[in-house]
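All remarks here apply to the structure that follows.
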Amino acid sequence: MHDRLRKFASASDMVARLADEIVARLTSAVEDRGRASLVVSGGTTPGALFDALRERDMPWDKVWITLSDERWVAPTEDGSNEKLVRTRLLRSKAASAHFVGMKTSAAKPENAQTTVDAAISAMPRPFDVTLLGMGDDGHTASLYPRAPELNAALDTGAPALVHAVHAQKAAATGNRMTLTLRAILDSRWIVLLIEGDAKMKTYRRAESGTDVPEMPVRAVLGQSRAPVAVFWAP
């Protein structure tokens with residue numbers, strides 16, 4: 001579906017447009033249903049978007065925010081997605097938003113699945129906006145190619161909203177917690193946010209193929225349950 005691809009001349013143009021749309025959707029959700037929910041990803045790409053969002057006027061105190069996935073490290077460590085969100089998004093006007101983290105005190109993510117699942121379940125759902133990234137290997141969230149837990153995390157017939165992942169063979173190693181495909185697709189709008197020529201090549205390859213274990217992002221791109229928009233800037 002090429003009509004879902006939105007290309008921008010610059011990253012700043014893309015951030016401004018996407019911030020506008022996210023604010024409009026969350027504000028409308030609060031007006032219609034009293035609460036709104038936003039899923040955000042980690043990594044380097046969404047930082048500028050977080051900076052823009054936190055300065056926007058909207059009813060942030062009625063917005064619940066969680067992560068698409070999380071590394072199993074302390075929220076004070078640089079690799080933590082929670083640290084990124086608290087540093088770049090949950091400040092200024094967005095400081096009153098409600099944050100639902102994925103990292104607990106459990107030693108391993110598999111020991112925290114029930115706790116984190118319950119916390120995600122209590123959020124307003126379907127998610128109003130789900131922001132995803134994509135790795136050069138075709139992963140999204142922590143749904144990594146050929147990961148041992150991938151099939152379970154992709155099973156939309158299973159009730160779980162989160163799943164532990166051990167990504168030792170992935171581009172970024174370590175223990176993680178990820179939203180399952182079922183949780184991701186329970187969204188009113190999904191955005192895949194990518195930058196650069198390499199990511200565009202990866203996206204084109206993902207879009208043209210059907211092997212989901214090879215490139216798990218295809219599970220999001222190839223479905224018709226939730227609308228997907230791809231935002232790209234060079």
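The values are calculated or read from the model by the stated rules, or taken from the named source; none is laboratory data. It should be emphasised that the depicted structure is a prediction, and the values quoted were computed from it without experimental measurement. Methodologically, a virtual Cβ is constructed for each residue, glycine included, from the backbone with ideal geometry; neighbour enumeration extends over all protein chains shown. For accessibility, only protein heavy atoms count, side chains too; no ligands or nucleic acids. Shrake-Rupley method; radii C 1.70, N 1.55, O 1.52, S 1.80 Å.
Annotation note: Cβ proximity below 8 Å between a residue of the stretch 61-77 that is in contact (Cβ under 8 Å) with a residue 12 or more places away in the chain and of a type in the set (A, V, I, L, M) and a residue that is in a strand (DSSP E or B) and open to solvent by 10 Å² or more (accessible area, probe 1.4 Å) (sequence gap 6+ or interchain) occurs for Val63/His98; Ile65/His98; Ile65/Phe99; Ile65/Val100.
When each of Ala167, Ala171, Ala112, Ala153 is tested for being open to solvent by less than 20 Å² (accessible area, probe 1.4 Å), farther than 19 Å from Val228 by Cα and modelled with pLDDT under 95, the lone residue that passes is Ala167. Within the stretch 18-46, residues that are within 12 Å of Arg188 (Cα to Cα) have Cβ atoms under 8 Å from residues that are aromatic (Phe, Trp, Tyr) in these pairs: Arg25/Trp189; Ala36/Trp64; Ser37/Trp64; Ser37/Phe127; Leu38/Trp64; Leu38/Phe127; Val39/Phe127, counting only partners at least 6 apart in sequence or on another chain. Yes or no: Leu221 in contact (Cβ under 8 Å) with a residue 24 or more places away in the chain and within 28 Å of Glu77 (Cα to Cα)? Taking the combined requirement at face value, the residue does not satisfy it. When Glu207, Glu214 are checked against the criterion of being under 16 Å from Leu132 (Cβ atoms), at pLDDT 95 or above and open to solvent by 40 Å² or more (accessible area, probe 1.4 Å), a single residue qualifies: Glu207. Each residue in the stretch 217-234 was checked for being crowded, with 18+ Cβ neighbours inside 10 Å and out of contact with any Gly (no Cβ under 6 Å at 6 or more places or on another chain), and 9 of them qualify.
To keep it simple, each residue is scored yes or no on (1) in a loop (DSSP other than H, G, I, E, B); (2) farther than 30 Å from Ala158 by Cα; (3) touching a helix residue (DSSP H, G or I) at 6+ places or on another chain (Cβ under 8 Å).
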position	(1), (2), (3)
Ala19	no, yes, yes
Thr27	no, yes, no
Glu31	no, yes, no
Gly42	yes, no, yes
Trp64	no, no, no
Lys93	no, yes, yes
Glu110	no, no, no
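The residue of the stretch 120-149 that is least open to solvent (accessible area, probe 1.4 Å), among those that are among the charged types (D, E, K, R) and out of contact with any Pro (no Cβ under 8 Å at 6 or more places or on another chain), is Asp128.
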